[in-house]
Structures are given as structure tokens and as C-alpha cells.
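Following: one structure in C-alpha cells, then a few remarks.
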Amino acid sequence: MSDELVRLHVPFGVAYSSDPEKVRKVLLDVAKRHPAIEKQPPPEVIFYEMADSALVFHLLVWVNVRKLWRTVALRSDMYFKAWEELKKAGIEIPFPQRDVWFKNKLVIEHIEGNKTKEMSKPRKA
């Protein structure tokens, strides 16, 4: 607890179509250019998880809490800069998506005036 250096974890989720090595390179470049991040120990990127909607990476950086005690602001700055650089590199930030599959025949009723029409739609195989 007496060490002035602390490690900060900044998680990032990217689309499954992303190249993990490209993600690592972009995040490390962003971290190395930031003046508040210590050069030693050097920043690291770990491939943390293959989650439901994203590949999750953690950017690990060291900061001197005597020089920068507001790590929330640094984390925010890292997100702003990384978003811009990931976008430039063609790396997509995903949003959760769900597919709905019906086991039974899907019947849709369409009410037109007083008449009811039944339409049948084939299900996905």
C-alpha cells in the first residue's frame, strides 16, 4: 500500500470479427502515447474473455497516484482515445444482439376492418 504506482484495468469489448492482434496493437499504442501512464512497467493487453456479444480485452497500465490520483478521469480519457483509434482501424464496438428462433409454425393474424386473415410464415431451419 505504500507504493506510489498502481495498476489500472480498462476493459474493452470488440466485435467477434476483430483481429485480436490488431486490437492489442491499437490499445498499446494509445496507452504508450498517454502522458499519465508510466513507461515502466510497460502497458499490457490481455485477451480476457470470449463473452456473449464481444471479445473482451483488458488494457493494464501503471499510473503514479502521487501525480494522478483521479484514475476515473484517466479511464475516461483512455476510452475516448481508444474509441477513436479502434474506429480508425476498422475495429467495431459491438452491441448485444439476440436471434429468436421459433420451434413451431409462426402464425400471424392481420386484422383488416372486420375481416381476419391468417398468414403463415415458414420457420428457419
Tell me, in nm to one decimal, what length is gained between S76 and I111 on full extension, where the rule is 0.36 nm per residue of separation less the Cα-Cα distance?
7.5 nm
Could you run the Karplus curve 6.51 cos²θ - 1.76 cosθ + 1.60 with θ = phi - 60° over the stretch 9-14 and give me ³J(HN,Hα) per residue in whole Hz, x for Gly and Pro?
9, 10, x, 9, x, 10
Based on other C-beta atoms within 10 Å, arrange W62, W69 from fewest to most.
W69, W62
Total charge of the residues flanking N64 in space, meaning their Cβ is under 15 Å from its Cβ, with Lys and Arg +1 and Asp and Glu -1, is +2
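Past the 28 Å Cα-Cα mark, which pairs from K22/K67; K32/K88; K39/K81; K67/K87?
On the way: K22/K67 31 Å; K32/K88 17 Å; K39/K81 18 Å; K67/K87 30 Å.
With Cα atoms farther than 28 Å apart: K22/K67; K67/K87.
For K39, K32, which order do you get if you count the other beta carbons within 10 Å of each Cβ and list the fewest first? Walk me through the numbers on the way to the answer.
Numbers: K39 8, K32 12.
Result, fewest neighbours first: K39, K32.
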Cα long-axis angle, helix 20-33 against the chain (0 to 90 degrees, to the nearest 10):
40 degrees
Longest principal axis of the chain (C-alpha) makes with the long axis of helix 71-88 (C-alpha) an angle, in degrees to the nearest 10, of 60 degrees
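Give the whole-number value, in cubic angstrom per residue, of the convex hull volume spanned by the C-alpha atoms of the stretch 5-88.
Working: hull volume 7.2 nm³, N = 84.
It comes to 86 Å³ per residue, whole-number rounded.
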In what order do D99, D52 fall by count of nearby beta-carbon atoms within 10 Å, going from fewest to most?
D99, D52
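Rule-based calculations on the coordinates, nothing more; no lab input. All of these numbers come straight from a predicted model, not from anything done at the bench. Note that we place each Cβ from the backbone using ideal geometry, even for glycine, and neighbour counts take in every protein chain shown.
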